[in-house]
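Everything below concerns the one structure shown next.
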Amino acid sequence: MEGILIPQQVFVGDSAEFLFPIDALQSFDPSALMSGSFKIDKIKQNTFMDVTSIQIKKQEKKEYISINFTPWETGPISFPPLTEAGIYDPMPQVFIFSILETANVEVIQPPRPPLLLPGTSYLLYLIASISGVFIFTSIMIFSAVRKHFFVYSFSRAQRIRIKALNKSLRKLKRLVSSVSSADSFEVITKRKDWLKKFEFAFRKYCFSLTSSAKVLKSEEGDCLTYSEILENLKNKFENTYGVYFEFEKIFFKLQALRFGNTELKEINFEMESMYFLNQTFKLIKIAESEVQKIMNSSQKEKGEASND
């Protein structure tokens, strides 16, 4: 009696199942399979297939021997002896199909490129080029937006003081060369005047960082000493001492040049003035970013308080 092969067409390397009715077996001992002691590695495999499992199955009130296997040869192939599973009858051969014979070809054909309509290659290249340009443009726009957001996302008061200080610093920068190369009769006067103008611009900026709009209009900041200005900055940036320390370095150096024993005529004034300008340009970004964080934190706390 022939068994049932699932699927009906099996090819080399496929996983298949062969069902054979138990009542067709003349010599079968079910105890090996039913006891649970049987292991598939007890089967002595052959070169035609690998048997992966053997079990008893019941379908439509009829019991079958279920043999799962993977074939490695085409044509009719035989199962290995299954005596270790209690099956002493030889199983019928199963037929394994050949892909080449089924497809009516003598050899497996090499992979073929997909069929493309004329001009499709140029279209694909065009799409790739446009995509590349689009991605590059998107990155540039995103970078520009980020830069713009960083500089201009501040409050109106921040934008005003940044613009005012930058304008003053650019004017002072244009004067550096002429002040540094002045003749001996007016060099001291010009250098003192440059330092005074820098101090006025820097003092005004620092005062605007720590005061309200109403206080700014009173011009009270012009009367504060270096120590008073630094104390206000220290309170403003109490959680980020590093920012305050940068202000302190500039004021200490400014104090040494303006009111110390430094001979302005003897120093490298161009180097000293560029130090003030460069440090201040850097400090603006650091300080304003920190001010923005303080403002955002304050607004968040107010929002949470209102929700409560």
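The GluC sites (Glu not before Pro) of segment 255-308 that DSSP puts in a loop, and whose beta carbon has at most 16 other beta carbons within 10 Å, are 263, 266. What are the GluC sites (Glu not before Pro) within segment 1-72 that DSSP puts in a loop, where the Cβ has at most 14 other Cβ atoms within 10 Å? Those that pass, being in a loop and sparsely packed, are 2, 60. If you find the alpha carbon centre of segment 230-267 and of segment 17-73, how far apart are they in angstrom? Between the Cα centres of segment 230-267 and segment 17-73 lies a distance of 92 Å. Taking all C-alpha pairs of segment 1-107, those more than 19 Å from each other amount to 44 percent.
For segment 218-307, the spread of Cα positions along the three principal axes, ordered from largest to smallest, is 63, 26, 23 Å.
Kirkwood hydrodynamic radius of segment 254-308, from the reciprocal of the average inverse Cα-Cα distance over all distinct pairs: 14.6 Å. The trypsin sites (Lys or Arg not before Pro) of segment 31-90 meeting both criteria, a DSSP state outside H, G, I, E and B (loop) and at most 13 other C-beta atoms within 10 angstrom of the site's C-beta, are 39, 44, 61.
Here, each number is a calculation from the coordinates, and none is a lab measurement. Quick caveat, the model's predicted, so the values are computed rather than measured. Note that we place each Cβ from the backbone using ideal geometry, even for glycine, and neighbour counts take in every protein chain shown.
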